[in-house]
Amino acid sequence: MNTEKLPRHIAIILDGNGRYAKKYGLLRQQGHKAGADNVEKVGDLLIERGIPYLTVYAFSTENWKRSEEEVSYLMALLKRYLTKNKVDAMRKGIRIRVIGDRQRLSPELRELIREMEEDTREMKNLNLTVALNYGGRDELIRACRRMREERIPPEKIDEALVSSYLDTADIPDPDLVIRTSGEERISNFLLWQIAYSELYFTDCYWPEFDESELEKALESYSSRQRRFGGREEE
C-alpha cells in the first residue's frame, strides 16, 4: 500500500449492528453496544496510521422512526459513551465534536455534548466527529435558513460560502467514505461534503470492522486516482 496516498479524512456509515446481533444470537441492544465500542477501536487504528479526521454516522434524522425502546436505548448509550470516554479521549489526544440538529436531543445530552467538546477542544491526535440527529438534507436546509436570516446577497453565495454555513465548516471534506454491512447507498450522509469522496463498501457488519478490514479499505483507496471531475491522464 502506498502510505503517501492515505486519506486525511475517513467518514464511516456505521451499518449492521442489528444484523450482527442476530448473527450471534444477541439482543439488538448488544449489537449497538458492540458498534459503539468499535468506534473507539477504529479511532485508535487511525491514530496509529496518522489519519487525523474520522466522522461517524451514529444517528440520522430518520432513525427517530425506529421503535421507542430502541431510540431510548441509543440515546442512553450515547450518554454513557460521552461520559465514559471523555477521560480516554483526552489521554489519547482525541478531539470530539458533534454535528447535526441538537434541538430534539434532551437537555442532559446537549450539556454532555457541550462539555465533551469544550474539554477536548485542544486535542490534536484525532478529530472525531459524531453525526447525531444528522441528515444531509436537514443540514443544507438549516444552512439556507441561516443565510436568509443573515440577509446574504444572492451574488455573494458560492461554494465556499455554503461550506462555511454547514455543520462541518472547520473540517476538511472526507477523502474516503466507508459503509459496512453490504448496503451500497449514502443514506443522506454529508451530501455536500462527499461530492468527490471515494466510496468503499464492505459486507462485514460494523462491529466486525477490524484492522484487516480497515487495511482493505485503505488499500483500495491508495490504488485509485482521484481526478475531482478532471480527465484521466493519458
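Determine which member of the set 219, 184 is farther than 25 Å from residue 60 by Cβ and surrounded by fewer than 16 Cβ atoms within 10 Å (Cβ to Cβ). Can you show your working first?
On the way: 184 fails: farther than 25 Å from residue 60 by Cβ.
Result of the check over 219, 184: 219.
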ask   = Restricted to the range 173-193, and to residues that are at positive phi and among the hydroxyl-bearing types (Ser, Thr, Tyr), which residue is nearest to the chain's Cα centre (by Cα)?
value = 187
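So which of 219, 184, 215 is in contact with a Phe, Trp or Tyr (Cβ under 7 Å, 6 or more places away or on another chain) and not hydrophobic (A, V, I, L, M, F, W, C)? Break it down stepwise before answering.
Working: 219 fails: in contact with a Phe, Trp or Tyr (Cβ under 7 Å, 6 or more places away or on another chain); 215 fails: in contact with a Phe, Trp or Tyr (Cβ under 7 Å, 6 or more places away or on another chain).
Being in contact with a Phe, Trp or Tyr (Cβ under 7 Å, 6 or more places away or on another chain) and not hydrophobic (A, V, I, L, M, F, W, C) holds for just one of 219, 184, 215, which is 184.
Condition check ((1) surrounded by fewer than 16 Cβ atoms within 10 Å (Cβ to Cβ); (2) without any contact (Cβ under 8 Å) to a residue 60 or more places away in the chain; (3) part of a helix (DSSP H, G or I)) across all residues:
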residue	(1), (2), (3)
112	no, yes, yes
116	no, yes, yes
129	no, no, no
147	no, yes, yes
152	yes, yes, no
169	yes, yes, no
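Can you name every one of the helices (runs of 4 or more DSSP H) wholly within the range 2-110 that holds 1 or more residues which are in contact with a strand residue (DSSP E or B) (Cβ under 7 Å, 6 or more places away or on another chain) and surrounded by 17 or more Cβ atoms within 10 Å (Cβ to Cβ)? Let's see the steps before the verdict.
Numbers: elements: 17-23, 28-49, 68-92.
In the range 2-110, 28-49, 68-92 are the helices (runs of 4 or more DSSP H) which contain 1 or more residues that are in contact with a strand residue (DSSP E or B) (Cβ under 7 Å, 6 or more places away or on another chain) and surrounded by 17 or more Cβ atoms within 10 Å (Cβ to Cβ).
When you look at residue 203, is it closer than 23 Å to residue 40 by Cα and either at pLDDT below 95 or under 18 Å from the mean Cα position of the chain (by Cα) (or both), yes or no? Lay out the reasoning, then the answer.
Values: closer than 23 Å to residue 40 by Cα: yes; either at pLDDT below 95 or under 18 Å from the mean Cα position of the chain (by Cα) (or both): no.
No.
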ask   = Restricting attention to the range 181-193, does a residue exist that is touching a residue at least 24 places away in the same chain (Cβ under 8 Å), small (Gly, Ala, Ser) and touching a Gly at 6+ places or on another chain (Cβ under 7 Å)?
value = yes
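The values are calculated or read from the model by the stated rules, or taken from the named source; none is laboratory data. None of the values given here were measured: they were computed from a predicted structure. For neighbour counting, all protein chains shown are included, and Cβ atoms are generated from backbone atoms with ideal geometry for every residue, glycine included.
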